[in-house]
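Below is one structure, written out as structure tokens; the observations come after it.
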Amino acid sequence: MAQQANFGRPCAVPALTIPSVTEPGITFVRLPEVSTDAVVELLNEPRNARHMPLTGEPFTTKSAAAWVAAKDAQWDSHGYGPWAILIDGSFAGWGGFQAEENGADFALVLAPEFWGYGETVARRALAVGFDELGLTDVLIALPYSRNPAQVVARFGFEPDGDVVYGEVHFRQYRLSANRWNRDESV
């Protein structure tokens, strides 16, 4: 049975590893555990930045450190938050759940050399969200620069209208724990 998220209380999050024979080891760690320079490089990568319309100016070491602190603080205030994602020990990107007014929003940003691992990382993160953090629904908000129909449907997400963050319009999709558990058991 899934535990309820630890809303409003400090939440110690151990590293989560996917053991696998055929795929590289995927580990989720807290964002402050990776170098700020690596985060700056990822966030300023042009192929990623074009799909992140809320980032504004290019990140500096100082602005990336503040960004990491704000993302990591969500663990204490909401019981969930984003992780740094390591693949075979190398920083591959960040992803996880961010608290928004309408629920837990899932984000995933991988460095281009790790794009082929997106589905595996997303499935592991969603399993943690539903099975270990006790989330009942997960949202995805995708900018109109993305064509998400097939990708989000593959995970069971369904259209859930539009949402606006920082004056930018996004397509929103929703996945319930019930649908996740039903789809994953097939």
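The values are calculated or read from the model by the stated rules, or taken from the named source; none is laboratory data. Quantities reported herein were computed from a predicted structural model and do not represent experimental measurements. Please note: Cβ atoms are built from the backbone with ideal geometry, for glycine as well, and neighbour counts cover all protein chains shown.
Is there a residue being part of a strand (DSSP E or B), under 30 Å from residue 40 (Cβ atoms), touching an Asp or Glu at 6+ places or on another chain (Cβ under 7 Å) and modelled with pLDDT of 85 or more anywhere in segment 143-163?
Restricting attention to segment 143-163, the residues satisfying the condition of being part of a strand (DSSP E or B) are 143, 158-163.
Cutting the leftovers down to under 30 Å from residue 40 (Cβ atoms) gives us 143, 163.
Next, from what is left, pick out any that are touching an Asp or Glu at 6+ places or on another chain (Cβ under 7 Å): none.
The answer is no, given that none of the residues of segment 143-163 is part of a strand (DSSP E or B), under 30 Å from residue 40 (Cβ atoms), touching an Asp or Glu at 6+ places or on another chain (Cβ under 7 Å) and modelled with pLDDT of 85 or more.
Would you say residue 166 is closer than 21 Å to residue 28 by Cβ, in contact (Cβ under 8 Å) with a residue 60 or more places away in the chain and either surrounded by fewer than 19 Cβ atoms within 10 Å (Cβ to Cβ) or more than 16 Å from the chain's Cα centre (by Cα) (or both)?
Details: closer than 21 Å to residue 28 by Cβ: no; in contact (Cβ under 8 Å) with a residue 60 or more places away in the chain: yes; either surrounded by fewer than 19 Cβ atoms within 10 Å (Cβ to Cβ) or more than 16 Å from the chain's Cα centre (by Cα) (or both): yes.
Criteria not met by residue 166.
Just checking, how many residues over segment 56-83 are closer than 17 Å to residue 134 by Cβ, assigned to a helix (DSSP H, G or I) and aromatic (Phe, Trp, Tyr)?
1
Identify, from the list 133, 139, the residue that is within 23 Å of residue 76 (Cβ to Cβ), surrounded by 16 or more Cβ atoms within 10 Å (Cβ to Cβ), over 13 Å from the mean Cα position of the chain (by Cα) and of a type outside the set (Asp, Glu).
Within the list 133, 139, the selection yields 133.
Among the residues of segment 107-121, are any touching a residue at least 24 places away in the same chain (Cβ under 8 Å), buried (at least 21 other Cβ atoms within 10 Å of the Cβ) and part of a strand (DSSP E or B)?
Yes, segment 107-121 has at least one match.
If the Cβ limit is 7 Å and pairs must be 6+ apart or interchain, which residue in segment 58-85 that is closer than 24 Å to residue 25 by Cα pairs with which residue that is assigned to a helix (DSSP H, G or I) and of a type in the set (S, T, N, Q)?
Matching pairs, first to second residue: 68/36; 80/74; 81/74.
In this structure, does residue 126 turn out to be of a type outside the set (D, E, K, R), buried (at least 17 other Cβ atoms within 10 Å of the Cβ), more than 26 Å from residue 37 (Cα to Cα) and modelled with pLDDT of 90 or more? Reasoning before the result, please.
Working: of a type outside the set (D, E, K, R): yes; buried (at least 17 other Cβ atoms within 10 Å of the Cβ): yes; more than 26 Å from residue 37 (Cα to Cα): yes; modelled with pLDDT of 90 or more: yes.
Considered against the rule, which asks whether it is of a type outside the set (D, E, K, R), buried (at least 17 other Cβ atoms within 10 Å of the Cβ), more than 26 Å from residue 37 (Cα to Cα) and modelled with pLDDT of 90 or more, residue 126 comes out as yes.
Considering each residue of segment 60-74, count those that are of a type in the set (Phe, Trp, Tyr) and at pLDDT 95 or above, and give that number.
Going through segment 60-74 one residue at a time, the tally reaches 0.
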